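Encoded as structure tokens, the structure appears first; notes follow it.
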Amino acid sequence: MPATCVIGLQWGDEAKGKLVDLLTADFDVIVRYQGGANAGHTVVVDGQTYKLHLIPSGILNPAVKNVIAAGVVLNPETLLAEIEGLEKRGVAVQSNLLLSSRAHVVFPWHVEEDRLQSSRSVQGEQIGTTLRGIGPCYRDKVGRLYAVRLGDLGRADFRDIVARITAAKNDYFAAIRGSETSVPLDPDAIHAQYQQYAHRLQPLMVDSTAFLLDNAEAGKRILLEGAQGALLDIDHGTFPFVTSSNSSGVGVSSGSGLPGRWVERVLGVMKCYSTRVGGGPFPTEQDNETGAHIRKLGNEFGTTTGRPRRCGWFDAVAVRYSARLSGVDSLAVMMIDVLSELPEIKVCTAYEIDGERVTQFPAHADDLRRAKPVYESIAGWQKDVRNVRRLADLPSPARAYLDRLSELLQRPVGIVSVGPGREQTIIAHSDWDCLVERGLARRAN
Ligand code: GDP
Ligand code: IMO
Ligand code: MG
């Protein structure tokens, strides 16, 4: 049985965590394959909220294996804290988690570089990273000279590697810090600390590439959990206001090591409005009362950093692009409940750039910055939908909105979410009847 992917189609936080948790019971293996602890995936089960940063959102189901694959950048300290936090709450983590020995390791110097660079602007704006050292770690991975993989931590030459890298990083920091003084990195302390981490993580380390290929070839069901969203993709997103990995569907194979032939289904996850955390162009942003209303009802504050998320109307130009880029075959539309009180809802169907009407998502952030959204208005439903469990029971304007999104994106809506809980889910397409069979959702009609 080939693999299924869950990919965010906007700028992250589309509720991938909720969906992955929901789908987990139909799979044998759940995989995080890119990004790092910049991600914050929320799972709500029986009123309990779990915030996952590195550990796949399948971890609450003890019957599945969870894999952190080669394309992830992994901060051992964050991971150990996450494991401990979950185990304290009774979740069996150690027995169900595997870590790729190929995953690159985030060190204190990466976090420090992220911090030092955070006040700098590019194209007149700050990127506004999560300050988790993600960009600097990926940069060192590609540069190779100063990179360390998880499997290197237990090797005999690890002390020499740390000494060589800290010497180079101390020189670099001295050069870029300017008047700010700080204590140089201490190679012995870092070595000792990371050896301890290695000791604790060693039992979980595997060759995840071989493991996933073996599982795919043995017919196991694999669910790949994207982090961030397609519009933050390093190559195809709103560069330079992106993250440092391939967070659209195109990153699945490189990050996991599973070639595209194994990927059978791609579920694109999107909110029925837009949000963005950090800098970068956002044509449909509502920096006004409407945006504040959405932020309040959607509780749109970052899972990882707590920052208020910028909020705006749904952008069909952007999502049509990201759905095509990610090879999406069906859509999960989340947060329908958040728009319930609004009398009118807008959808951006085209941009006007320098007086010209455009439906192709621009490749340059500057063009996107100049894009004026062309909106279509849709009537609101102004009814509480949080307890609706069947498509037919949604108010007709809400169904019309879903139909219009599906039409604009040229893909069927498979799943609709009306709240954070597992049970607050509507199955809109027979492809996802597996959820109905397990009593997790009701059939459409
Ligand atoms: P992720 O990074 O894509 O996993 O998303 P986040 O966890 O960062 O943000 C999604 C937030 O929305 C979380 O707090 C979820 O609990 C919540 N959520 C998920 N689905 C729904 C929904 O349909 N309605 C509402 N109101 N909240 C939802
Ligand atoms: P999940 O998986 C939303 C954003 C940051 C910043 C940019 C670069 O929870 O959807 P980075 O720290 O990656 O170098 O920051 O990317 N960003 C996210 N925004 N959700 C995320 O993850 C994000 N991960 C990174 O806000 O704009
Ligand atoms: Mg998130």
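A compact table of results
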quantity	calculated
Rg ratio (alpha-carbon, reference 2.2 N^0.38 Å) - the stretch 145-223	1.56
DSSP-loop trypsin sites (Lys or Arg not before Pro) across the stretch 1-102, with at most 15 other Cβ within 10 angstrom	Arg89
Calculated FRET value between Gln195 and Arg265, using beta carbons and R₀ = 35 Å, to 0.05	0.25
Residues of the chain: accessible area per residue with a 1.4 Å probe, Å²	40 Å²
Solvent-accessible surface (1.4 angstrom probe) belonging to Val91, in square angstrom, nearest 10	20 Å²
Carbon plus sulfur fraction of accessible area for the chain, probe 1.4 Å, in percent	48 percent
20 Å binning of all Cα-Cα separations within the chain, expressed as whole percents from 0 upward	26, 56, 17, 0
Estimated 222 nm signal from helices in the chain, with DSSP H stretches of n ≥ 4 weighted -39500 (n - 2.57), rounded to 500	-9000 deg cm²/dmol
C-alpha long axis of helix 158-176 to longest principal axis of the chain, angle in °	70 degrees
Computed label-point distance, nm, for sites Asp354 and Asp287 using a 7 Å Cα→Cβ extension	2.4 nm
Potential lengthening between Leu297 and Tyr375 on full extension [0.36 nm per residue; Cα-Cα distance subtracted]	25.8 nm
Förster radius 41 Å - calculated FRET efficiency between Val122 and Thr49 (Cβ-Cβ, nearest 0.05)	0.75
Length gained when the stretch Arg177-Arg115 is fully extended (0.36 nm per residue, less Cα-Cα span)	21.2 nm
Separation in nanometres of the label points that stand 7 Å from Cα toward Cβ, at Ala25 and Ala167	5.8 nm
Estimated distance in nm for a label pair at Phe158 and Ala400, the labels positioned 7 Å out from Cα along Cα-to-Cβ	6.2 nm
Helix 396-409 axis, angle to the chain major axis (alpha carbon atoms, nearest 10°)	60 degrees
Gain in span if fully extended, Ala363 to Ser95, counting 0.36 nm per residue against the direct Cα distance	92.1 nm
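The values are calculated or read from the model by the stated rules, or taken from the named source; none is laboratory data. All values reported here derive from a predicted model rather than from experimental measurement. Every residue, glycine among them, receives a Cβ derived from its backbone with ideal geometry; neighbour counts consider all protein chains shown. Surface accessibility is based on the protein's heavy atoms, side chains included, excluding ligands, DNA and RNA. Shrake-Rupley method; radii C 1.70, N 1.55, O 1.52, S 1.80 Å.
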